[in-house]
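Got a structure here, written out as C-alpha cells. Questions coming.
The values are calculated or read from the model by the stated rules, or taken from the named source; none is laboratory data. Keep in mind it's a predicted model, so treat the numbers as computed, not measured. Positions of Cβ are generated from backbone atoms using ideal geometry, with glycine treated the same way; all protein chains shown enter the neighbour counts.
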Amino acid sequence: MKLSSKNYESRLDTVYDAIVVGGGMGGLSAAIYLARYGLKCLVIEKGKGRSIWMQDLRNYLGIDPDAPGRDLIQHGTKQAIDWGADHLRAYVEDVKDEGDTFAVKVKVGRKDSVYPVFRSKYLIAASGVIDVLPQLEDMQNVYDYAGYTLHVCMICDGFDMWDQKAVLIAGRESQINAAFVLDWFTPYITVLTHGLFSVGDEMKQKLAERGYPLYESAIARFVGENHKMQGVELEDGTFIEATTGLINMGSIYHNHYLKGIEGLEWDGENLITNDMAQTSHDRIFALGDLKKGLNQVSVAVADGTLAATQIWRNIRRKSEPRKWLE
Ligand code: FAD
Ligand code: FAD
C-alpha cells in the first residue's frame with residue numbers, strides 16, 4: 001500500500017518483518033522479493049536519489065539502453081506495492097536497535113512535518129550515496145551536463161567517452177589518479193582541480209609524462225548545448241575544449257542513521273557485508289552503493305535478492321511448520 005501523512009497511522013502498531021531504508025535500485029529489488037515471500041515490508045524513500053539522476057542505464061540486461069533511472073524506479077515501486085509492500089515517501093532520521101526490533105524514526109512532509117516511528121525485525125540499509133559535484137555559483141549549469149555528457153561513473157559511462165577530449169575534475173590530489181584508469185577509454189584528458197587544492201610535483205610530473213594538461217584555476221562554467229558539452233571555461237579566462245568529462249570528487253554517504261548502532265563493521269563509510277548482503281549485525285543488511293563493492297545497478301539489484309532471501313530463511317526457520325488442516 002502507498003502510505004502518506006494521511007494514512008501512516010494505521011501502520012504504527014505493525015511490526016514489519018523488514019524496513020527498507022531507500023527505495024532505489026537495491027531497496028526495490030529487496031521489497032519485490034520480500035513481498036513475494038509473503039513478508040511484511042515497508043520501503044521508505046526520501047526522493048531524488050542517485051538512480052533518479054541516472055539519465056540512461058546502458059549496461060543493464062534486458063532494458064532499452066536509453067531507459068532513464070526514474071522509469072525503473074517508477075516501475076519497481078509499482079511492482080513492489082502491487083505484490084504487497086508498503087511504500088512511504090519520507091526521510092529516515094534515526095534507527096534504534098531495541099533488541100528484537102528496530103525503531104525507525106522518520107520525517108514525513110517538508111512542511112508541518114510529522115515524525116512517526118515504525119518498527120521492524122530486520123533492517124535493510126539501501127540508502128546509497130550521492131556524488132559530490134563541483135560547486136559553481138550557477139548550479140543549474142552543472143546539472144545541465146552532469147549525468148548527460150559530464151559523467152560521475154567511469155564503469156557506467158567510460159565507453160561513451162571513447163577517444164573524446166575529456167576533463168577530469170578532482171576534489172583532492174589522490175582523485176587525479178582516476179586519469180590513469182580513464183586513459184583506457186581516452187588519452188585526451190585534461191585535469192582540473194577547480195582551485196580546490198594544489199598539486200604536488202610528483203603528480204605534476206606523472207601527468208606531464210603522459211601529456212595530460214593540468215589547470216588549477218576554478219571552473220567558471222560548462223559550455224555547450226542540449227546537455228552536450230563543448231568545453232569548460234575557467235575563472236582565469238582559459239577555455240578548454242572537451243566534449244565529455246568525469247567528475248571524481250567523492251561521495252556523500254547516506255548512512256548517518258546507522259552511526260549509533262553498535263556492532264557494525266565499516267570500511268570507511270561503506271558497510272562490510274557477507275555473501276548474503278548481511279552486515280556484521282545479524283539483523284541488518286546493506287545493499288548496493290552503501291556497502292563495500294561495485295557501485296552498479298546490477299549489483300544493487302542482486303544484493304536485494306540475497307538480503308530478502310536470507311531474511312526469509314531466518315524467519316521461516318523460526319516459524320512453526322504448517323499443517324494441512326481440514
Ligand atoms: P540508489 O539507487 O541511489 O537508492 C538509494 C535510495 O535511498 C535513493 O533513492 C535515496 O533517495 C534514498 N535515501 C537515501 N537516504 C535516505 C534516507 N535517510 N531516508 C529515506 N530514503 C533515503 N549504474 C549502472 O549500473 N549503470 C549506469 O549506466 C549508471 N549510470 C549512472 C549515472 C549517474 C549520473 C549516476 C549518478 C549513477 C549511475 N549509476 C549507474 C550508478 C547507480 O545509479 C547506482 O549504483 C545504483 O542506483 C545503486 O543502487 P542503490 O540501491 O544502492 O542506491
Ligand atoms: P542460463 O540463463 O541458463 O544460461 C546458460 C546458457 O548456457 C543457456 O542458454 C545454455 O543453453 C547455455 N549452455 C549450457 N551449456 C553449454 C555449452 N556446453 N556450450 C554452449 N552453451 C551452453 N529466475 C528468476 O530470477 N526469476 C524467475 O521468476 C525465474 N523463473 C524461472 C522459471 C523457469 C521455468 C526456469 C527454468 C528458471 C527460472 N528462473 C527464474 C531461474 C533463471 O532462469 C536462472 O537463475 C538464470 O537463467 C541463470 O542464469 P545463467 O546465466 O546462470 O544460466
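Does region 21-34 contain at least one residue that is in a strand (DSSP E or B) and of a type in the set (A, V, I, L, M, F, W, C)?
Yes, that holds for at least one residue.
Can you tell me which of (1) small (Gly, Ala, Ser); (2) in a loop (DSSP other than H, G, I, E, B); (3) farther than 30 Å from Arg36 by Cβ; (4) under 22 Å from the mean Cα position of the chain (by Cα) is the one Gly245 doesn't meet?
(2)
Where the second residue is of a type in the set (A, V, I, L, M) and surrounded by 22 or more Cβ atoms within 10 Å (Cβ to Cβ) and the first is farther than 16 Å from His254 by Cβ and touching a residue at least 12 places away in the same chain (Cβ under 8 Å) and lies in region 282-302, which pairs have Cβ atoms under 6 Å and are six or more apart or on separate chains?
Val297/Met25; Val301/Met25
List pairs: first residue in region 205-217 and over 17 Å from Pro187 (Cβ atoms), second residue surrounded by fewer than 18 Cβ atoms within 10 Å (Cβ to Cβ) and of a type in the set (S, T, N, Q) anywhere in the structure, Cβ distance under 7 angstrom, at least six positions apart or on different chains.
Tyr215/Thr238; Glu216/Ser198; Ser217/Thr238
On to the next question. Inspect all residues belonging to region 52-66 and state whether any of them is within 24 Å of Ile261 (Cα to Cα), without any contact (Cβ under 8 Å) to a residue 40 or more places away in the chain and touching a Pro at 6+ places or on another chain (Cβ under 8 Å).
no
Related question: Within region 99-131, track down each residue that is under 23 Å from the mean Cα position of the chain (by Cα), surrounded by fewer than 17 Cβ atoms within 10 Å (Cβ to Cβ) and more than 11 Å from ligand 1 (Cβ to nearest atom).
Gly109, Arg110 - these are the residues of region 99-131 that are under 23 Å from the mean Cα position of the chain (by Cα), surrounded by fewer than 17 Cβ atoms within 10 Å (Cβ to Cβ) and more than 11 Å from ligand 1 (Cβ to nearest atom).
Separate question: Determine whether region 11-19 contains at least one residue that is buried (at least 24 other Cβ atoms within 10 Å of the Cβ), over 15 Å from Lys121 (Cβ atoms) and hydrophobic (A, V, I, L, M, F, W, C).
no
Would you mention how many residues in region 49-70 are of a type in the set (Lys, Arg) and within 6 Å of ligand 1 (Cβ to nearest atom)?
Number satisfying all stated conditions: 2.
Let me ask something additional. For region 184-195, name all the residues that are surrounded by 15 or more Cβ atoms within 10 Å (Cβ to Cβ) and within 26 Å of Cys156 (Cα to Cα).
Across region 184-195, the qualifying residues are Phe185, Thr186, Tyr188, Ile189, Thr190, Val191, Leu192, Thr193, His194.
Only one of (1) touching a residue at least 12 places away in the same chain (Cβ under 8 Å); (2) within 15 Å of ligand 1 (Cβ to nearest atom) fails for Ala166. Which number is that?
Of the numbered conditions (1) touching a residue at least 12 places away in the same chain (Cβ under 8 Å); (2) within 15 Å of ligand 1 (Cβ to nearest atom), the odd one out for Ala166 is (2).
Could you say which residue among Gly304, Gly263, Gly293, Gly268 is at pLDDT below 95 and not acidic (Asp, Glu)?
Gly263
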